[in-house]
1. Residues of the range 147-168 being in a helix (DSSP H, G or I), crowded, with 19+ Cβ neighbours inside 10 Å and touching a residue at least 40 places away in the same chain (Cβ under 8 Å), which ones?
2. Quick one: which residue in Trp92, Trp112 is closer than 25 Å to Leu170 by Cβ, among the aromatic types (Phe, Trp, Tyr) and touching a Ser or Thr at 6+ places or on another chain (Cβ under 9 Å)?
3. When you go through Ala41, Ala61, Ala54 one by one, which is the residue that is modelled with pLDDT of 70 or more and surrounded by 10 or more Cβ atoms within 10 Å (Cβ to Cβ)?
4. Check the range 150-164 and report whether any residue there is more than 16 Å from Ile85 (Cβ to Cβ), of a type outside the set (D, E, K, R) and under 14 Å from the mean Cα position of the chain (by Cα).
5. Anything in the range 94-115 that is over 17 Å from Ala149 (Cα atoms) and among the β-branched types (Val, Ile, Thr)? List them, or say none.
Amino acid sequence: MISSSTARPARQSLRQALRTNLTAGTLWSRGNWRLAVTVVAAAAAAVVVVVGLAALAVTTADQILATGSDSLTSWLSGNRVAASITGPLRSWFDTAHAGGVPATGGELWLLWVHTTTALWLAAVCGSLFARIGWALIGALTTAAVHTGAQASTAGVCAATAVTAWLLLSLAAYNRPAARAAARRQAASRGGDGDA
């Protein structure tokens, strides 16, 4: 049997060691080199994984959009409600091309489709900057729809664009993670978390 004087002290978990050394400001000291190497290795591994997943996501999205953009744009053009938004928008892009922009109206249209899709997906996933971008591109789209529509239908087309944007924004600005964190915090304080 091992006596208590020769027994090893209990090891701290990595999380406890990080918390202790970060608050004390001793993480990068010579005595904690193993912990510092572990932190650097974990951060490097996390960066590699995130970059790899991002590259995979971009490649997959590019393939999906490349094969599906024709069907997506044809649906957007064929649906009557969507066409009341996309028709004036395409007209505005074609007008911008006529004004000296080097890209064609079709290229600008595809850029808009891909950008709004990417912003919406990133906003749904919780990206703050995508949510900001989603609001900006929504305002710009509504202005472009109003400008590109015929004078007699400009108000209705812009209102349709705002309505569609608001419906899509329900998912883009939904914050389930923040609500779950608030519930956990309230539960730890003894509340029911529904406030």
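The values are calculated or read from the model by the stated rules, or taken from the named source; none is laboratory data. What you see is a predicted model, and the numbers here were worked out from it, not measured in a lab. Every residue, glycine as well, gets a Cβ built from its backbone with ideal geometry; the counts of neighbours run over all protein chains shown.
1. Restricting attention to the range 147-168, the residues satisfying the condition of being in a helix (DSSP H, G or I) are 147-148, 154-168.
With the extra rule that they be crowded, with 19+ Cβ neighbours inside 10 Å, the set shrinks to 148, 157-158, 160-161, 165.
The answer is Gly148, Cys157, Thr160, Ala161.
2. Of the residues listed, the single one that is closer than 25 Å to Leu170 by Cβ, among the aromatic types (Phe, Trp, Tyr) and touching a Ser or Thr at 6+ places or on another chain (Cβ under 9 Å) is Trp112.
3. Values: Ala61 fails: modelled with pLDDT of 70 or more; Ala54 fails: modelled with pLDDT of 70 or more.
Sole residue among the options that is modelled with pLDDT of 70 or more and surrounded by 10 or more Cβ atoms within 10 Å (Cβ to Cβ): Ala41.
4. So far as the range 150-164 goes, no, none of its residues is more than 16 Å from Ile85 (Cβ to Cβ), of a type outside the set (D, E, K, R) and under 14 Å from the mean Cα position of the chain (by Cα).
5. Within the range 94-115, Val101, Thr104, Val113, Thr115 qualify.
The rows are residues; the columns are (1) at pLDDT 85 or above; (2) hydroxyl-bearing (Ser, Thr, Tyr); (3) outside the structural domain of Leu140 (by TED's automatic domain parsing); (4) assigned to a helix (DSSP H, G or I).
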| position | (1), (2), (3), (4) |
| --- | --- |
| Ala83 | no, no, no, yes |
| Val101 | no, no, no, no |
| Trp112 | yes, no, no, yes |
| Thr115 | yes, yes, no, yes |
